[in-house]
Amino acid sequence: MSNRSNALARRLERGALALAALAESLTDSEWQIRTADGRTIGVVVHHVATMYPLETELAQLLAQGKPVEGVTWTLVNQLNADHAIKFKGVTRREAIELLEQNSKEAAQVIRSLTDEQLDRAAPVSLNANAPLTCQFIIEDHALRHSYHHLERIRAALQQSREAIKSVA
């Protein structure tokens, strides 16, 4: 294990732990609050967990010097919409357990990468076929994902609390 891959894995784990801790602290009604994109907090937590295997699979392609092909924002948006419908009733326990399991597995994948693999670049269809490194994809997707949605969830919670205060 390289120092870089271990540091990346630790950062991913911290984000997943922070998201899990927030999810664990929510009430049942807060779990159902909708974020800015219309998905419930519960669906978003489950979504982050669900994406880890795909995100690390894409990183592994780049680690091998292979391009990421066929992944577009249209496809991502459709996957997210389909996921939101399929898991609209996801429980907190299911989502947190999947988040813990998949983040642990993602961290293991990341820790297995060498510095040479982290530095490999190939075209990425999601990013206009720009030649991006494996490390960039890890940071921009798997690692950033929990932090990105954590902030969106916090914003939704704050907005909900302010709406309740204004009615009271």
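Bear in mind that the values in this text are calculations on the coordinates, not laboratory data. This is a predicted model, so every value here is computed, not measured. Methodologically, a virtual Cβ is constructed for each residue, glycine included, from the backbone with ideal geometry; neighbour enumeration extends over all protein chains shown.
What number, rounded to the nearest 500 deg cm²/dmol, is the helix-based mean residue ellipticity at 222 nm of the chain, given -39500 (n - 2.57) per DSSP H run of at least four residues and division by all its residues? Intermediate results must be reported in sequence, preceding the final value.
On the way: 8 runs with 117 residues, N = 168.
When only DSSP H runs of four or more count, the value is -22500 deg cm²/dmol.
Defining a contact as two alpha carbons under 8 Å apart and six or more residues distant in sequence, what relative contact order in percent does segment 3-167 show?
Value for segment 3-167: 39 percent.
Enumerate the aspartates and glutamates that residue 86 could reach by cross-link, defined here as Cα to Cα under 14 Å, with residues fewer than 8 away along the same chain left out.
Result set, ordered by chain and number: 94.
In a solvent-free Debye calculation with one equal scatterer on each Cα, what is log10 I(q)/I(0) for segment 3-167 at q = 0.18 Å⁻¹, listed in the order of the q values?
Rounded to two decimals, the profile gives -1.08.
Let me check I've understood the local charge: for residue 125, count other residues with C-beta under 15 angstrom from its C-beta, Lys and Arg +1, Asp and Glu -1. What total comes out?
Summing Lys/Arg as +1 and Asp/Glu as -1 gives -3.
For segment 7-91, how big is the tail of P(r) above 22 Å, as a whole percent of Cα pairs?
Of all Cα-Cα pairs in segment 7-91, 37 percent lie more than 22 Å apart.
Evaluate E = 1/(1 + (r/R0)^6) for residue 139 and residue 72, where r is the Cβ-Cβ distance and R0 equals 22 Å; express this FRET efficiency to the nearest 0.05.
Taking R0 as 22 Å, the efficiency between residue 139 and residue 72 is 0.60.
Which of 156, 95, 121 sits farthest toward the positive end of the charge dipole of the chain, with +1 on the Cβ of Lys and Arg and -1 on the Cβ of Asp and Glu?
Selected residue: 156.
Helix by helix, which DSSP H runs in the chain go 15 Å or more along their axis at the Cα atoms and have an average Kyte-Doolittle hydropathy of 0.5 or more?
41-63
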